[in-house]
Amino acid sequence: MKESKNVASIGSMGEFGLINHLTKNFKHVNKSTLTAVGDDAAVIECGADCMLVTTDLLVEGVHFDLMYTPLRHLGYKSVVVNLSDIYAMNGKPEQITVSIAISAKITLTALDELYAGIKAACERYGVDLIGGDTTTSITGMTISVTALGRVKRDEICYRSGAKINHLVCVTGNLGAAYLGLQLLEREKELYLKDPNTQPEISGYPYCIERILKPENTPAILQLLRENNILPSAMMDVSDGLSSDILHICSQSGVSCKIFEDKIPIHPETRLLAEEFHLDPSIAALNGGEDYELLFTADPVHYEKLSAIEGIHVIGYITDTANQPVLVARNGVEVALKAQGWNHFNK
Ligand code: ADP
Ligand code: MG
């Protein structure tokens with residue numbers, strides 16, 4: 001009885017309410033702890049530069065389904081999702097640790113596949129595997145990766161630096177991973193009903209790749225550097241554009257106006273959305289797992305930003321006298337909410 005009440009109250013707090021509740025009474029006793037909880041990575045003073053530290057946990061049945069997730073891809077993705085948080089601070093990832101809890105059903109061949117994926121990601125992004133931990137699990141598999149990175153102190157991009165009138169920009173495109181996941185889930189259901197059916201996922205390689213084997217975009221950060229553009233705020237898009245831009249707004253004490261017709265969506269995402277009778281904008285706003293970069297920048301950089309391939313200006317920062325809004329295609333403004341797509345039903 002008591003336990004179910006406790007579970008209900010945790011549920012009503014939401015993830016960020018819970019993190020805040022658990023961590024708010026911790027005081028830092030080391031002056032090297034520059035930034036702790038609340039951004040994509042913690043920032044630690046380390047000589048002339050700063051060290052960045054971030055960690056993510058992937059749990060079987062919650063974050064991945066081994067029925068349709070190749071272990072090699074899973075290993076790769078478990079690294080990429082962590083490096084994404086280092087890049088989101090404008091840092092360069094350098095090391096990772098990998099900890100795994102494995103159940104009796106996992107074979108050595110399967111673990112070799114997982115580690116082949118981890119190795120491929122280490123090679124692709126130039127990071128070193130420096131340790132971890134290994135244990136057994138009585139339920140499913142759990143993978144925890146911690147990434148360490150480096151950044152110059154005056155180049156750190158926090159979530160809290162967005163200023164009024166700054167441009168809101170996003171890299172790549174959004175919503176593809178969410179639709180890829182819908183496709184995999186649909187085919188899994190069909191397979192479970194009739195194991196003789198062949199999965200029909202062949203028409204959408206891009207969306208499938210985006211959910212199973214996402215990539216980071218460090219080249220964009222390099223282009224920004226070459227153009228002398230330092231984002232005023234930045235984070236990676238892991239929970240969906242609407243939820244993530246609201247983090248930047250609340251942590252910067254500002255508001256924003258986002259234009260639906262500026263949100264970048266891949267043509268394959270549109271096709272797949274049509275097949276599922278879903279609005280692709282809703283997938284972009286609320287889907288998540290995109291691992292693109294969301295940042296704000298001074299409007300003096302508008303021309304330069306518009307000219308960089310892979311960067312899309314999708315709106316601008318406003319003051320808190322205004323609510324965060326999405327300007328829909330038909331010109332109607334709707335409140336931007338973390339799970340607000342019901343209000344955005346056109
Ligand atoms: P991201 O989506 O960028 O990985 P999260 O939403 O997971 O970030 O976490 C937000 C912030 O809360 C981060 O600074 C993270 O380190 C911190 N955090 C998350 N869970 C915990 C926890 N259980 N204890 C302490 N800090 C946590
Ligand atoms: Mg993040």
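Cα extents for region 30-155 along the principal axes, largest to smallest and rounded to whole angstrom: 47, 27, 22. All C-alpha to C-alpha distances of region 167-335, sorted into 10 Å bins beginning at zero, yield P(r) values of 10, 36, 32, 15, 5, 1 percent in whole numbers. Potential lengthening of the chain between residue 302 and residue 31 amounts to 93.8 nm, from the contour at 0.36 nm per residue minus the alpha-carbon distance. As a ratio to 2.2 N^0.38 Å, the alpha-carbon radius of gyration computed for the chain takes the value 1.01. When 119, 337 are compared by accessible surface with a 1.4 Å probe, the order from highest to lowest is 119, 337. Which of the residue pairs 92/213; 77/262; 119/188; 105/188 have a Cα-Cα distance greater than 23 Å in the structure shown? Violating the 23 Å limit, Cα to Cα: 77/262; 119/188.
Using the average count of surrounding beta-carbon atoms within 10 Å as a protection proxy, the listed peptides 300-308, 29-37 rank, highest first, as 300-308, 29-37. On a per residue basis, the chain carries 50 Å² of accessible surface, using protein heavy atoms and a 1.4 Å probe.
Accessible area per residue (1.4 Å probe, heavy atoms of protein chains only) ranks 73, 247 as 73, 247, with the largest value leading. Can you send over the carbon and sulfur percentage of the accessible area for the chain, probe radius 1.4 Å, protein chains only? On the chain, the fraction of accessible area on carbon and sulfur atoms equals 55 percent. When both region 191-258 and region 262-279 are represented by their alpha-carbon centers, they are found 14 Å apart. Where does region 238-320 land on Rg/Rh, using Cα atoms and the Kirkwood Rh? When Rh is taken as the Kirkwood radius, the ratio is 0.99. Residues 124, 186, sorted by accessible area with the largest first, give 124, 186 [1.4 Å probe; ligands and nucleic acids excluded]. Rounded to the nearest 20, the Cβ-based charge dipole of the chain about its Cα centre (Lys and Arg +1, Asp and Glu -1) stands at 760 debye.
The values are calculated or read from the model by the stated rules, or taken from the named source; none is laboratory data. Predicted model, so just to flag it, every value in this text is computed and none were measured. Methodologically, a virtual Cβ is constructed for each residue, glycine included, from the backbone with ideal geometry; neighbour enumeration extends over all protein chains shown. All accessible areas refer to the heavy atoms of the entire protein, side chains included, with ligands and DNA or RNA removed. Shrake-Rupley method; radii C 1.70, N 1.55, O 1.52, S 1.80 Å.
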